[in-house]
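This report concerns only the one structure given below.
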Amino acid sequence: MRVALYTRVSTHDQQTLPLQVDALREYAKWREWEVLREVSEIGSGAVKRPQREELIKAAKRREVDAILVWRLDRWGRSVADLVNSLAELEAVGVAFVSVTEALDLTTPAGRAMAAMVAVFAQFEREILRERVKAGIAHAKAKGKFTGRPQTAAKRGAEVETLHTQGVSQAEIARRLGIGRTSVRRLLHASATSKTQKEK
């Protein structure tokens, strides 16, 4: 099996890099796998990882059969990111092995473990969604405005003035820097309001 080794360290923890590389080489040797690539990145976990993205692209081109990492946190930025990237690899038939956690997607047990990780990622997303909903409900209850600023709604009078001057809807949108849909909606609301007042 042709494999790639991926290692990553933070800027302040570069001394563990040789340890990671040695552990991955030993594991590949034990499994009698051929190491085709060794990719190392240095930097914070929050930033993008260009080397990792290149490795995923190489995997999609089937230049390697498996990717080996020292620990899961060396690969994934979050549970969701981990699950998404593993799904990408699985979709193209590339295996993934985390040596420290003994997560080996070349085995049925490893694939079952990955499925469990996916369940926890979904659980994490649901919790986040519920927290956001609760936060919005709390803000509304206190009378605080939530959502994007209603910039188009504030331009109703200007839209109506330009419309009565014979300016096209497209030109109104361009002049005021709002969308055509917003212009149509404001004109429709204005016309509806006038009709109701006349009644």
Does at least one position in the range 153-174 carry a residue that is modelled with pLDDT under 85 and either in a loop (DSSP other than H, G, I, E, B) or within 30 Å of W33 (Cβ to Cβ) (or both)? no
Name the residues in the range 26-85 that are touching a residue at least 40 places away in the same chain (Cβ under 8 Å), under 19 Å from T107 (Cβ atoms) and of a type in the set (A, V, I, L, M), would you? A28, A59, V64, A66, I67, L68, V69
Which residue pairs have Cβ atoms under 9 Å apart, sit 6 or more places apart or on different chains, and have a first residue in the range 168-197 that is closer than 14 Å to A157 by Cα and a second that is among the polar types (S, T, N, Q) and assigned to a helix (DSSP H, G or I)? A173/T181; A173/S182; L176/S182; V183/Q169; R184/Q169; L187/Q169
Give the range 22-55 a look and list any residue that's at pLDDT 90 or above and of a type in the set (A, V, I, L, M), or say none. A23, L24, A28, V35, L36, V39, L55
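The values are calculated or read from the model by the stated rules, or taken from the named source; none is laboratory data. Not measured: the values here are computed from a predicted model. Cβ sites come from the backbone with ideal geometry, for glycine too, and all protein chains shown count toward neighbours.
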